[in-house]
Structure formats: C-alpha cells, structure tokens
Amino acid sequence: MASEPGKAQVVTTVMEPGSPEIRYQNGLTFRSFLALIYTAAVFLPASIWMTLALGSADIMWWTISYTTVLLFSEVARFFGSPLTKQELYIIWSCAAVSGATVSATGLIFNLYYRDISPYTLTFTAPGTDTPLRYLIPNWVAPPPTSTAIYERTLFHPDFRIPILLAYIPIAFTLMSDIGLGLLTYGLYVKTERLQFPLQRVSGEMVVTVATREPRKMSVMVIAAVIGLAYGVLAFGFPFATNFAMTPIPIPWAEISMDSVLPGATFGFATDLFAFATGFIVPFNVIVSMFLGSFAVYFIGNAVLVYLFPPAVGRLGGLFGYASGLRIRDIWNMSMLRVWASPSIGVALAAGLIPLALRSKQVAGIIRRSLNTLRRGGAAGRTTLLPLALWLGGIIPLIAIPIILVPGFPAWIFITLGLGMPLLSTIIAGRGIGETGYAVTIPFVREGVYLASGYQGVDIWFTSPPIGSGGAGMCSNLAVADMTETSHRSWFFSYIIAMALAMLLGFFYVEAFWRISPIPSSAYPATAIYWPIQVLNSVIWVGRSQISWVPMNIGIAFAVASAVTLACNFLKVPFSIIAFAAGFGSPIPGPLSLLIGGIINKLLTQRVGKAWTDYKVIAIAGLSLGEGVVAAIGSTAALIRNAAWSLPY
C-alpha cells in the first residue's frame, strides 16, 4: 500500500472512460484499507443476519457504500487531510464487497439440502427408487450420519472437502473475471466508448464528495434530503415496526390484472432509484427494455392463459397460472416453464449481432493485439496479461468438475468452460455499457446437463464456469477511469476486500449457527425460502421439469437477429441488448424506468441545461438519502432481533 497521498488537484467533472487525458493515481492507501477492515468487522455480521432473517442482503451493498464514504470522508476532513477521489472510489466500490459478501451460509444450506430437507427423501433419482439424499456425494455436504448436523459447527472433519471446494474456486473465478474484465474493457471502453450510464452516478458522487464543488454539493444535499424523507417511508417504518407498517410497498406496487386480463402482470417499482435511473439512460434504450418486458409478461402471458386456460391435467397458460398469483410468482413460473429457452435465444442475439455489425472494429482489435504480441516487450506482456489471467483461472475451474464427476463427458465441461464465461461477459458487458443493466443467459447449466443425457445425480452439484463476472470488472474499471483511479490499485483493493469477507464471514456464520439452529424461527428467511430453493433444485435433479427446448432457442435467436438487422438497416433506434434485459425482468422495473425517462424528457424541455448539468448528481443524492435510512433501519432491526434471541 502506498503512503498517504498529498492533496489532489480539484476536478469538478468525471473523466470520460478510456480517455487518453486520464492521469491515474493510486487509491489503495492506509485510510482506504482501514475502511475495508471497518466494513468487514462492522457490517458483515449485519449482512449475514439479513441474509438469514430477511432472505437477502442486497440493500446492504449500496447502504455500506454510502455510509462508509460519508463517515471516512468527514473524519478525514475533520483532521485536515481530505480523502482524494481515488481513495473515495476504492472505499465506494470495495467497502461493500468486504461488508456484504455472504458466502459461508451456502455450506449450511448444502447440509440442509442433503440431510434435513424432506424433498431429498421424496424425490428419487431418474429411473430408480433411490431417494436423492443417499446419492448426493460427500464432497457436497456431510453425509446424513454426520455428527456435524447436531454439533452445529463448520469446524468438523466432514466439512473439510466441502469447504475446500467452496473456497478454492473463488480464487480462480476472481482470476478469470479479472482477465475477462480487462478484455471487455479494451472492447467496450477503449474501442466502442460505451457510456455506462448508471456507473456515471457513482463517478459523479465520488468526485463531488472529494472536490466539494459548491453547486453540486447543494444539489446533492437537497436531493439527499428528499431521498431521506422517502427512505423513512419506504424503509424506516418497516424496519422500526418489524414490517408491520409498510407505507410504501417494497420492491414494487402491484396492479392486479386478474379480472381484466388474466395472466398479465402490471405494476411499478417503488424504489426512488428505479425512477431516477430513467433520467440518464438513453430514451430509446428505456423504450426497448420496456417493450421486452411488456411483450412477454403482459401480452405473452395473457395470450398463453387465453389459449390454455387452467384445466384438469393442464397448467394454466402452460406455466401454472391461477387467479390471485402475484407478480413474483407469475414471473418465476412463466420464466421457468415457458420463457427460459426464448430468453436464451434473445440474449445470444443481443451479444452476437452487435459484434457482427461491428466486425471491422472487432477484427481490428484482434489484429492490433496479435501485432503487439509479435513485437513483444512491455506492450506485448500487457496485451498477453488478460488472456493469461483468464486461462489461468478457467483451466482449474474446468478441471475441478471433470475430476469430481469422471463419468460425465469431459469435452462438455471444456466447451462450456471456455465458451460461456467469454460469451456471457460479452453480452453482460454490452448490457451494462449501454443500459447500465447486465443481461444474463438463464438455465445454461441445466439445459446442457439435460441435453447430455447423463443420468447421474452428482453432476447437478458441480459448478462449471458460466458466469459473467468479467462484465462487473469492466464496469468498475470504467468508473476507475472516471475518477482517475489506477486499475492496479483497484484490483488489489477488490482482492483484499474479498479475502476479508471470505475469512471473517466464515467465523461469523459459525457464530450465528452456534447461537441458533439454521433453519429456525430465529432466522425466518431460512425457514421460509430454503425449502422452496431445495424444491426448485430437486425438480431439475429428478428430471421433473423440462423447460430447455433447443428449437425455441433457435427461433428466438433468428427472430431477434432479424429484427435487430432490420432496425439497423432502417435506422430505427432499437436496442436489442436493452430488449434482452427487459425480456428477463419483471415488468415493474422497466415501467418505472420508462416513467423516469418521460419525466427526464419533460424536465429537459422545461428546465434545459440546468437540469442536464446536475441530474446525475441529483440521482446520487437521492440514493444517498435512501441509503442512510436503510443503514440505520437495518442496524436497528439487527440489534432488536439479536436482543430478542438472547437467552435472558
């Protein structure tokens, strides 16, 4: 870590990602390192408790970022040595990693899955009468006879191999993601100069807090007060009353369509950020995203229910529609049983067709990279680094499932491992760069396993590399450019944050398990959601649910490709990547985004430059206000419930 930097030059606007004018500076100092330790020690227990009690710690990510930036910024300013924007960005982007990355709970979930859940006894392996419980390998979780179940400790011999298989791949995944992040950074930031609209909010907030430019600070403070007031209603009252009082429904307000258009879903997200995002995302992107969601979850589901109404022996709408179902249920069931295959085709078109339309640019990147490698020297080593990191991480990740399941065709693991992370990162990276949202390809692993014809149970507990983590790396590097933070210092900070979360999180989860059984009423979400998660899994393992249809993937890919090419030829501003993002999103999010986009257009027409100059920092202020309330509320809830569970 570098020594404390001196006062940085005041810059009141963010830099353009990939700009040659960027002057990179180190952000990993003793002060930013201390912030990572602080969040791991203080916030990580709260994040774990929220995961066990409420089902998710997602709210903690931005809560930790905002509160830690404010705390360390004000303390440093009080002592007369303000944080630089590079230090602030390290804190902003990595503090939540060390304070909200929850992983060790998965070890207990796997034990529950194998040894406690009744579903692993009622569901049998394909073609046999043997319950799944007795066929799940010991490298997944301790066997049903293990005393670890009653002793409630991760420090048990039967947990050794599951722990190693849970933690070792994290290091290789991180290595692979960094490599793919550098590759997509060169493509989307350096070459295509995508805008990364949502990431600009982070950049503006960091620069404004660092420079204290008066007008931007005033706008951010006013917006923060508005966000604070809204946050009291959205988060303050629910946390204070243990969710007995919820003035604003979270995450969305639902409008029932049962009596008007059965099967259709409609509603809007109630988080302020969902509306405010529409201020900065290009309007054609917003419309394309809304059309993707509206076409599927409003029109498509309604048509399916009309054509296939609920009847004896048939699922309503082919996905299980029944009157009274909520948006979450309809979205989950229709995606699982109807739209999974088409969404894969649309996502593939979204990732590949834009690359085909820019084939000259892509070929130029490859040609220049090969020429640089031939010349060698420092430039050649820099060009080779992303490839070396990617392959250095991906090869062990491919080898692990091959070793664990020797009966499964190794060529499938190799093809899947080499192809999917690259393809997923390309698709998700473009989604983030154009819309701010990642586009994912659903059920790839499940589809490949079903198509392989392999009948063993063990294959379903492997995790071949198929994720798009490189896209997240790429977006963080874009913000690093905006704040002129050196990539090297950001990578080191992220690795340190992950290491802290993995190490301390293991001990925290051990402590929570010793306090009370998991699942139990002391951790309500585990008692509610874990059985559902197990059921959703054993449906696949027992081959009770087939939703991966290659023909539907091909049809969706062809239609989406044809529409994209036609719009490109006719100069229609249609975004296929945004359409794909909407295709996989429940309708409330895209609808609120559309409302925000319309508001932005009206304000731009009436207010003009004053609005366009300050809208990004206004969004940061709104999120800041909400985040402060969420932090205080979640902490109060943690203290209250922890006190309730004490034995006196």
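The values are calculated or read from the model by the stated rules, or taken from the named source; none is laboratory data. None of the values given here were measured: they were computed from a predicted structure. So basically every Cβ, Gly included, is an ideal-geometry build from the backbone, and we count neighbours across all protein chains shown. With ligands, DNA and RNA removed, areas are computed over all heavy atoms of the protein, side chains included. Shrake-Rupley method; radii C 1.70, N 1.55, O 1.52, S 1.80 Å.
Cα gyration tensor of the stretch 219-328, axes a ≥ b ≥ c as square roots of the eigenvalues: rounded (a/c below 1.5), prolate (a/b > b/c) or oblate? Judged from the Cα gyration tensor, the stretch 219-328 comes out oblate (a/c at least 1.5, b/c at or above a/b).
Report the one residue of Ser103, Leu318, Ile280 whose Cα lies farthest in the direction of the positive end of the charge dipole of the chain (charges on C-beta: Lys and Arg +1, Asp and Glu -1; origin at the Cα centre). Going by the Cα projections, it comes out as Ile280. Using only Cα atoms, locate the centre of the stretch 57-90 and the centre of the stretch 501-568, then give the distance between them in Å, rounded to an integer. Cα centroid of the stretch 57-90 versus Cα centroid of the stretch 501-568: 33 Å apart.
Take Asp129: with every protein chain present and a 1.4 Å probe, its accessible area is about 140 Å².
Could you tell me what percent of the accessible area of the stretch 397-453 is made up of carbon and sulfur, with a 1.4 Å probe and every protein chain present?
Values: 1460 of 2000 Å².
Its accessible area is 73 percent carbon and sulfur atoms.
Simple rule: put +1 on each Lys or Arg Cβ and -1 on each Asp or Glu Cβ in the chain, find the dipole, and look at Ala302, Leu44, Leu477; the Cα lying farthest toward the positive end is Leu477. Atom-type composition of the exposed protein surface of the stretch 171-261 places 69 percent of the accessible area on carbon and sulfur (1.4 angstrom probe). For the residues Arg212, Arg488, Arg314, a 1.4 Å probe over the protein chains yields an accessible-area ranking, largest first, of Arg488, Arg314, Arg212. Using a probe of 1.4 Å on the protein chains alone, the accessible area found for Phe574 is around 50 Å².
Histogrammed with a bin width of 5 Å, the alpha carbon distances of the stretch 108-222 distribute as 2, 9, 11, 10, 9, 8, 8, 7, 9, 11, 8, 5, 2, 1, 0 percent, first bin at zero. Mean residue ellipticity, 222 nm, helices only, the chain: the sum of -39500 (n - 2.57) across DSSP H runs of n ≥ 4, divided by residue count and rounded to 500, is -21500 deg cm²/dmol. For Ile598 and Glu254, the FRET efficiency from 1/(1 + (r/R0)^6), where r spans their Cβ atoms and R0 equals 25 Å, is about 0.75. Over the chain, accessible surface divided per residue gives 43 Å², non-protein components excluded, 1.4 Å probe.
Taking the Cα centre of the chain as origin and assigning +1 to Lys and Arg Cβ atoms and -1 to Asp and Glu Cβ atoms, the resulting dipole is close to 1340 debye. Of the residues Ala264, Met220, Thr63, the one whose Cα sits farthest towards the positive end of the charge dipole of the chain is Met220 (charges of +1 on Lys and Arg Cβ, -1 on Asp and Glu Cβ, taken about the Cα centre).
Cα-Cα over 26 Å: which of Lys85/Lys216; Lys216/Lys609; Lys190/Lys360; Lys216/Lys601; Lys85/Lys190; Lys190/Lys609? List each step's numbers first, then the result.
On the way: Lys85/Lys216 15 Å; Lys216/Lys609 14 Å; Lys190/Lys360 15 Å; Lys216/Lys601 21 Å; Lys85/Lys190 22 Å; Lys190/Lys609 28 Å.
With Cα atoms farther than 26 Å apart: Lys190/Lys609.
If only the Cβ of Lys and Arg carry +1 and only the Cβ of Asp and Glu carry -1, the dipole of the stretch 550-640 around its Cα centre is close to 220 debye. Rolled with a 1.4 Å probe across the full set of protein chains, the surface gives Arg77 an accessible area near 80 Å².
Suppose a student asked you for the relative contact order of the stretch 33-166, using Cα pairs under 8 Å spaced at least 6 residues apart; what percent would you report?
Values: 130 pairs, mean separation 30.3, N = 134.
Relative contact order for the stretch 33-166 comes out at 23 percent.
For the pair Arg77 and Ser463, the difference between a 0.36 nm per residue extended length and the Cα-Cα distance amounts to 134.4 nm.
With an 8 Å cut-off on Cα pairs and a minimum separation of 6 or more residues, tell me the relative contact order of the chain in percent.
Values: 1030 pairs, mean separation 198.6, N = 648.
This gives 31 percent for the chain.
Could you work out the local net charge near Tyr89, counting Lys and Arg as +1, Asp and Glu as -1, over the other residues with Cβ closer than 11 Å to its Cβ?
-2
Can you compute the charge dipole magnitude of the stretch 63-185 about its Cα centre, using +1 on each Lys and Arg Cβ and -1 on each Asp and Glu Cβ, nothing else charged? Give it in debye, rounded to the nearest 20. The dipole magnitude comes to about 100 debye.
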